[in-house]
Amino acid sequence: QVLSYAVIILCAVASWFQWQWKNTLALEHADKQRNGEAMLQSLTSHARVTAEIAKVTAALDTIDKNLVNEGDLADNLGYFYQIESLARVKFTPLTQMSSQPVTADKPYKTVPFKLRTTGTYRQMLRVLRELETGPRLLRITSFNLAVGGVDTDLVSLDLTVELHALPFTPR
């Protein structure tokens, strides 16, 4: 009889250990299944993610291509000369001013320009449209629009514009 009690206790202890081991294996299986499903999801969305990365890379390349170089004065002024010819106006004066040092809160350096032009109201609208829709990334920081006089339809436009630029690299 003592022997049968010992066998029963031994079987109960073995059963308890086996039950614990089964629960541990069930938890590991559930974890492996979740990891497998996540990996499958990653594999099935790989083409979409790759396409999105390609779009973002192309957008960043476009942005970088349209940044000005502060040291390239001829190219910088040439951009405004193109706008002059499109709007049929003359910028007098057109001046590239000194830029401020880059701060941590601004992702790009800015190169300010001061310009003044006189023409018809439609020409001034064309100048603003060309600035807004042109390839260069810019911000108009100040402007003044003034009518030329009582008997004239000429309008004067003073602008301060900041073009986004690459950090200065001497040639």
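Scanning segment 144-171 for residues that are modelled with pLDDT of 90 or more and open to solvent by 70 Å² or more (accessible area, probe 1.4 Å) gives a single hit, N144. Taking the condition open to solvent by less than 70 Å² (accessible area, probe 1.4 Å), in contact (Cβ under 8 Å) with a residue 24 or more places away in the chain and polar (S, T, N, Q), does N23 pass? So N23 does not fit the description; no. Every condition in (1) at pLDDT below 90; (2) outside any strand (DSSP E or B); (3) not aliphatic (A, V, I, L, M) is met by E130 except one, and the failing one is (1).
Restricted to segment 128-155, and to residues there that are β-branched (V, I, T) and more than 26 Å from the chain's Cα centre (by Cα), the residue that is nearest to F80 (Cα to Cα) is V155. Inside segment 67-88, can you point out the residues that are aliphatic (A, V, I, L, M) and open to solvent by 20 Å² or more (accessible area, probe 1.4 Å)? Once the filter is applied, which keeps residues that are aliphatic (A, V, I, L, M) and open to solvent by 20 Å² or more (accessible area, probe 1.4 Å), segment 67-88 yields L73, A74, L77, L86.
If you check T118, T103 for being open to solvent by less than 80 Å² (accessible area, probe 1.4 Å) and touching a residue at least 24 places away in the same chain (Cβ under 8 Å), only one passes: T118.
Listed conditions (1) farther than 18 Å from H164 by Cβ; (2) open to solvent by 70 Å² or more (accessible area, probe 1.4 Å); (3) acidic (D, E) are all met by D64, apart from (1).
In the set (1) in contact with a helix residue (DSSP H, G or I) (Cβ under 6 Å, 6 or more places away or on another chain); (2) surrounded by fewer than 14 Cβ atoms within 10 Å (Cβ to Cβ), R139 fails one condition alone, (1).
The values are calculated or read from the model by the stated rules, or taken from the named source; none is laboratory data. Keep in mind it's a predicted model, so treat the numbers as computed, not measured. All Cβ positions, glycine included, derive from the backbone under ideal geometry; neighbour counts span all protein chains shown. Note: accessible area is taken over every heavy atom of the protein model, side chains too, but ligands, DNA and RNA are not part of it. Shrake-Rupley method; radii C 1.70, N 1.55, O 1.52, S 1.80 Å.
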